[in-house]
Amino acid sequence: MNKFMRNGLFYLTFTGLLVHLFAAYGFWGLQRAEHLSARQVLVKAAEQLDINNPILSKILEPETKYLNFPFDGEVRKSHPRILLPESSTWNKRDAHSVIADRIAAFQRENINYPNGCGDNALMPAVVCWLSTNNTEAIAIIKYQLLNFELNKPTADTTYSNGWELALAYDLAHPLLTDTEKNQVEQKILAALQGTLANLDEDFASLWHGRSTHAAIAWLCAIVLSEHYVDDLDSYRRRAQAHFLNAAEGLAHTEAWPDGYNYWIQTRAFYFALAASAYLNGLDHANNQERIKDIVKRVGYWHIYATRPDNRIEGYGDEGSRIDLKDETKRVIDLMVQMTHDPVLNGYSKYLGKLHRDSYYSGYDWGILLFNDPSIPAVGDGSLPSLAKYLKEAEIFGRDTVNQIYIRNGWEPNDTFISFKAGNSYGHHAHYDAGHFTIFKSSPLITNSSTYNGFFRPHRLNYAIRTIAKNSLIIEKPNEKVRPNRFFAKNVADGGQRLTQPTGSSIVSIEQWFENYQKGLHLEGAQLLKFARRNNEYIFVSADLTAAYNNSAYDENGDGGKVRQVIRKLVYLPTEDKLVVYDAISKTKPEYVGKWIIHSVNKPEMADIEVLKGSTDNGILASSSKDIQIKNNNGFLKVNILLPSDATTRLIGGRDYQYYVETDGDDTVFDGENFINGASADSWHDLSRWRVELMSNNGSNDTEFLVSLAPSVDKPVAEDVRKINSKNGNAYGVLTNDTLIVFIREPAGMDDIVFDYVGKSKIIIVGLPEYRNVAIRIDNKNLFQGAAKDGVVFYDNPSSASGQVEIGMN
């Protein structure tokens, strides 16, 4: 063999090896980035290369899910089965009696109710017929049903429009001949088959596209008839199983993990309509009450998440519909029809007053179908009028997403606080365990994330991360944070683990638990306590440890950067003060723990020093213990009680708004402002500054204790004070009326002793459940009782003064 041939052979061999190596790397990268199986990667590759080989298709065909699922209930013989089951007895000669009653009620209330007449589209024509028995509408309905063009659903980006065909067919069923019914049902069957094919795949994630596919599959399956569809029982079993799987996913989290906008834009309506089909289309179904409970609970999440400025408090990849316009009311109306809940209906009235055209014009035909004015509603169409039916604090997704909302009232100038400390569920969610916000007349402590592109640098390197939230970061120099190929550079922001930032394929709760504390390690924060007592206090404590690389699990195998991270919050509704205590136990003293909050405007502090940039655009420092935040006529007074050696940095302005110290080391300010891909849209709170509080003690343990007092029109004048217990096992926080006692983490249960000026209330938090506690003041026994939900509350009406002893046994 001559030299030329040898060189050529070597070149071909080497090139082939490189091609295979790159292919293998790409294959592995795709699996890791989107959590796909090897078969799923091959399916995606075949789709991209437009390979239609029938043998390959057969090999890659997924296993059919839920073939042997036991069907729940009996399908009603008559139509409609999705909405208006009363229509089965309608004489079809006059306007539908139920619709006529709704029109009369709307006319009395001067509510706009488009009847659809004059519009040649399918659903408007159906509503026109129901409203007026218009004969011209019948011809339009038939034409549109028989000529309806189905789209092609895909795993996670395109959903079947078959739901609309199914809904229209269900309502207009008596208009069609048997031949016409057969034609339409074959189309609905095709939509069902296409959707089930996507559900049989494992691409679509449960808390994302899977729930929408499942809802549409059920809507299609429930309207079909054995007269026209072979093997219908099998299709129905599969569709019902997928829907119940999606319903259990929603029951598990209650609040949608990916944020409100992704729920209300592409999940909520389909789920609500499918839930209606479950209740109206089945007799003797065991899961009907369960579905009602899920619907009601999720409906109340909407109410509690509504801020005083008539927007939802966002926390994921959010978009414009946090404004409660276009989408929300039709979903709530459907929920009201199912639950007949007067508080939910009161919220619907509020939405109707908030946005006069509360249904998007493209589907305002739904007003007559979805809104039932005969159901009683409480309140006058305002949020404050619902207050007496609601609690001052509520938790959604307890032990899952742990989404908590706290108020001291429902009036426009009352305080609204959100807190979140849960696990990882979806890829539009953020890594925000321990994150809280405060709203008082205006946003004061804010979520600084914006969303303007899934793979943009702003989202990947800032918005989804803990640095963009009001939580805790632990900076570890050069910590590896590159979960997959989409992260072009290593950005060590100091935050929590990024478990599924660009894709997820969790198909069931069972699979999620298979990746909880193993596999993908989707665990985040664990709720320790959630307690409330009338208007006296709300107490929350959470263990955030598992959200970070920790000593029990480090995704890089480096032994973790924390041993334990605990956050405790106490809110006093009457005094309108929030006190936050954090305890961080690090694995190495050189790692830097930081307490972070964000604000729209630049916070005010004394003794400012410019470290980089300028006073209005840069990195600043102060040793002051007081911070003032103002936004419009809302004020926030921040008192730093711990650490005693605290240094505070202010970071913000045009060139530092989204600044991250990318190497995890801020001894040199060489980070990056991740503005590429940020959004300036009005639905974001557009935070321009953040506060970073840190300790200089070089210890493994860092504690933060901070009081935050919101107010309107003028700042709070008085400060709170910290006092230490005699043996150092607790901190006391003195407000105007209250002594709050935080038992330190970790600490023993020795007696706690304070030298103390009289306060009217004593709140002790962080206690083991049912621990017996005695309170003595100047050697007088004043209280004996057991801790409930980790709290002891003592009302000290005489404000007795002197040495306070808290004994525990």
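The values are calculated or read from the model by the stated rules, or taken from the named source; none is laboratory data. On a predicted model such as this, the values are computed, not experimentally measured, just so you know. Reconstructed Cβ throughout: ideal geometry from the backbone, glycine too, with neighbour counts over all protein chains shown.
Listed values, structure above:
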item	result
Among the residues listed as 367, 322, the single one being in contact with a strand residue (DSSP E or B) (Cβ under 6 Å, 6 or more places away or on another chain), in a helix (DSSP H, G or I) and over 30 Å from residue 236 (Cβ atoms)	322
Only one of 748, 728, 653, 698 that is at pLDDT 95 or above and either more than 31 Å from the chain's Cα centre (by Cα) or not acidic (Asp, Glu) (or both)	653
Conditions (1) in a loop (DSSP other than H, G, I, E, B); (2) surrounded by 24 or more Cβ atoms within 10 Å (Cβ to Cβ); number of the one not met by residue 230	(2)
Counted residues, segment 598-614 - those being more than 11 Å from residue 648 (Cα to Cα), outside any loop (DSSP other than H, G, I, E, B) and either in contact with a Ser or Thr (Cβ under 9 Å, 6 or more places away or on another chain) or of a type in the set (Ser, Thr, Tyr) (or both)	3
Residue check for residue 240: assigned by TED's automatic domain parsing to the domain that holds residue 82, crowded, with 24+ Cβ neighbours inside 10 Å, part of a helix (DSSP H, G or I) and of a type in the set (S, T, N, Q)	yes
Cross-chain or 6+ apart pairs with Cβ under 9 Å, segment 791-802 first and assigned by TED's automatic domain parsing to the domain that holds residue 738, then surrounded by fewer than 20 Cβ atoms within 10 Å (Cβ to Cβ) and among the basic types (Lys, Arg)	791/529; 791/533; 792/771; 793/533; 800/780; 802/780
Identity of the residue in segment 793-804, touching a Phe, Trp or Tyr at 6+ places or on another chain (Cβ under 8 Å) and of a type outside the set (Ser, Thr, Tyr), that ends up farthest from residue 749 (Cα to Cα)	802
Residues within segment 653-677 that are among the aliphatic types (A, V, I, L, M), touching a residue at least 24 places away in the same chain (Cβ under 8 Å) and surrounded by fewer than 15 Cβ atoms within 10 Å (Cβ to Cβ), tallied	0
Filtered residues of segment 348-372 (kept if surrounded by fewer than 21 Cβ atoms within 10 Å (Cβ to Cβ) and among the small types (Gly, Ala, Ser))	361, 362
Residue in segment 119-136 that is touching a Pro at 6+ places or on another chain (Cβ under 7 Å) and either more than 20 Å from residue 78 (Cα to Cα) or modelled with pLDDT under 95 (or both) present	no
Elements of type strands (runs of 3 or more DSSP E) contained in segment 718-809, each with 2 or more residues being among the small types (Gly, Ala, Ser)	730-734, 780-786, 802-808
Only listed residue being surrounded by 21 or more Cβ atoms within 10 Å (Cβ to Cβ), not small (Gly, Ala, Ser) and not assigned by TED's automatic domain parsing to the domain that holds residue 309, chosen from 650, 686	650
Residues located in segment 463-482, provided they are among the basic types (Lys, Arg) and farther than 16 Å from residue 584 by Cα	465, 469, 480, 482
Residues of segment 666-683 classified as of a type in the set (D, E, K, R) and either in contact with a helix residue (DSSP H, G or I) (Cβ under 8 Å, 6 or more places away or on another chain) or part of a strand (DSSP E or B) (or both), total	2
Filter pass, residue 460 being in the same structural domain as residue 539 (by TED's automatic domain parsing), within 30 Å of residue 633 (Cα to Cα) and modelled with pLDDT of 95 or more	no
So residue 300, is it of a type in the set (Ser, Thr, Tyr), in the same structural domain as residue 206 (by TED's automatic domain parsing) and either closer than 30 Å to residue 498 by Cα or in contact (Cβ under 8 Å) with a residue 60 or more places away in the chain (or both)	yes
Positions within segment 301-338 being among the hydroxyl-bearing types (Ser, Thr, Tyr), buried (at least 21 other Cβ atoms within 10 Å of the Cβ) and more than 14 Å from the chain's Cα centre (by Cα), in sequence order	328
Hits in segment 426-444 (condition: assigned to a loop (DSSP other than H, G, I, E, B), under 20 Å from residue 527 (Cα atoms) and either among the polar types (S, T, N, Q) or in contact with a Leu (Cβ under 7 Å, 6 or more places away or on another chain) (or both))	431, 433, 434
Qualifying residue in segment 271-286 (condition: in contact with a Ser or Thr (Cβ under 9 Å, 6 or more places away or on another chain) and not assigned by TED's automatic domain parsing to the domain that holds residue 498)	yes
Residue 757, sole failed condition from (1) surrounded by fewer than 19 Cβ atoms within 10 Å (Cβ to Cβ); (2) over 30 Å from residue 636 (Cα atoms); (3) without any contact (Cβ under 8 Å) to a residue 60 or more places away in the chain	(2)
Residues being surrounded by fewer than 21 Cβ atoms within 10 Å (Cβ to Cβ) and not polar (S, T, N, Q) - total across segment 732-754	11
Selected residue (only one of 470, 461, 484, 447 is over 30 Å from residue 413 (Cβ atoms), assigned to a loop (DSSP other than H, G, I, E, B), touching a residue at least 40 places away in the same chain (Cβ under 8 Å) and of a type in the set (S, T, N, Q))	484
Scan of segment 410-468 for residues that are among the small types (Gly, Ala, Ser), more than 24 Å from residue 507 (Cα to Cα) and surrounded by fewer than 24 Cβ atoms within 10 Å (Cβ to Cβ), ordered by number	418, 441, 442, 453
